[in-house]
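Below is one structure, written out as structure tokens; the observations come after it.
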Amino acid sequence: MNLPCQRALHCAVAAARAAGRLMLRHRAAPKKINLQSRYDIKLELDVRCQKLIEKTLLRSFPDSALLGEEGLAGPQESPLRWVVDPIDGTVNFTYGVPHACVSIALQERLDAGQFSTVIGVVYDPFCNELWTAIRGGPARLNGKVIHASRRKKLAEAVVAIGFSKTRQSLNESLPVFNALVPRVRKIRMMGAAALSLTYVASGRFDAYIEAGVSLWDIAAAGLILECAGGEFWHRPLPGGRQYRMIANNGLLRAKLERVARSARKNVLSS
Ligand code: IPD
């Protein structure tokens, strides 16, 4: 397919900035919670941001589909689909922690129900940081080309971890967390998956691991990381809706996997 990549990127950036402005306007206001569970919150503003993004994207690309954290839009059989997290880091945002972002990917349908991400946009309105990538090109932060780090030693690495939203993922991740803490320079738990991925792409972090992330959390920033020379390793979990992920600078996966495997084995045998 002959994709108008620059036009699509331009449109995704406009949508991300519009949603970012809405987030900033509501930064200090009390947040209306639509739904909450033990480890998660969904805001009315999540829905409003997604509607705004939908309007911008589907006005320019009316035949495309959209898969968002807040629902579907457009013709779902379309060869193009936008994957949108209107507010990634919702719990941070709700509690007034200024670390949250808008994430927008454009995917092209391949054979056998597979998709390939061709455009990634992540926007942090609090720091006014905008990451972009078009498959095959460089990754950029506010227009400047970025690269993942070259650190190969776990002892020098800053590793981000996410605990996802379920008891099961907590039980699986805590032993890995305990095993990593003494082995790495620092562990970070930031609460916005897309931003942790773009931080790896920017060389701020060396890796980011999580046992159960959703496609909208990782599609855009995963491409940005790959375009920055990093490795976006992710595998679907049973059910196909969530992914196990070991994103890294391309030099640390084997070491991280070894620590994770032995941590889980120790728990099973204790
Ligand atoms: C969540 C955040 C969190 C990560 C979860 C995500 P949301 O996204 O990115 O850091 O650990 O897996 O689902 O709900 O804030 O959009």
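No lab work stands behind these numbers, since they all come straight from the coordinates. Note that the coordinates shown come from a computational prediction; the quantities given were computed from them, not determined experimentally. Methodologically, a virtual Cβ is constructed for each residue, glycine included, from the backbone with ideal geometry; neighbour enumeration extends over all protein chains shown.
Report the per residue volume, in Å³, of the convex hull enclosing the C-alpha atoms of the range 48-160.
It comes to 156 Å³ per residue, whole-number rounded.
Neighbour counts of C-beta atoms inside 10 Å place Trp82, Trp216 in the sequence Trp216, Trp82, starting with the fewest.
Taking every DSSP helix (H) stretch of at least 4 residues in the chain, weighting each as -39,500 (n - 2.57) and dividing the sum by the residue count yields a mean residue ellipticity at 222 nm of -11500 deg cm²/dmol.
Within the same chain, aspartates and glutamates fewer than 8 places from Lys255 are excluded, and of the rest, those with a Cα less than 13 Å from its Cα are Glu156, Asp206.
Could you work out how far the C-alpha centroid of the range 188-267 sits from that of the range 19-62, in angstrom? Each part reduced to its Cα centre gives a spacing of 25 Å.
Please give the charge dipole size of the range 15-141, origin at the Cα centre, charges +1 on K and R Cβ atoms and -1 on D and E Cβ atoms. Round to the nearest 20 debye.
On the way: 16 positive and 14 negative charges, 104 e Å.
Charge dipole of the range 15-141: 500 debye, to the nearest 20.
A DSSP coil position with no more than 10 other Cβ atoms inside 10 Å describes the following trypsin sites (Lys or Arg not before Pro) in the range 163-270: Arg241.
With the largest listed first and rounded to whole Å, the semi-axes of the equivalent ellipsoid of the range 137-254 from the Cα gyration tensor are 22, 18, 11. Got the relative contact order for the range 45-105 handy, in percent, Cα pairs under 8 Å and 6 or more residues apart? Taking the mean separation of contacting Cα pairs over the length of the range 45-105, I get 28 percent.
Taking the square roots of five times each eigenvalue of the Cα gyration tensor of the range 4-84, the equivalent ellipsoid has semi-axes of 25, 16, 9 Å, listed largest first. If you bin all the Cα-Cα distances of the chain at 10 Å, starting from zero, the percentages per bin are 7, 31, 36, 21, 5, 0.
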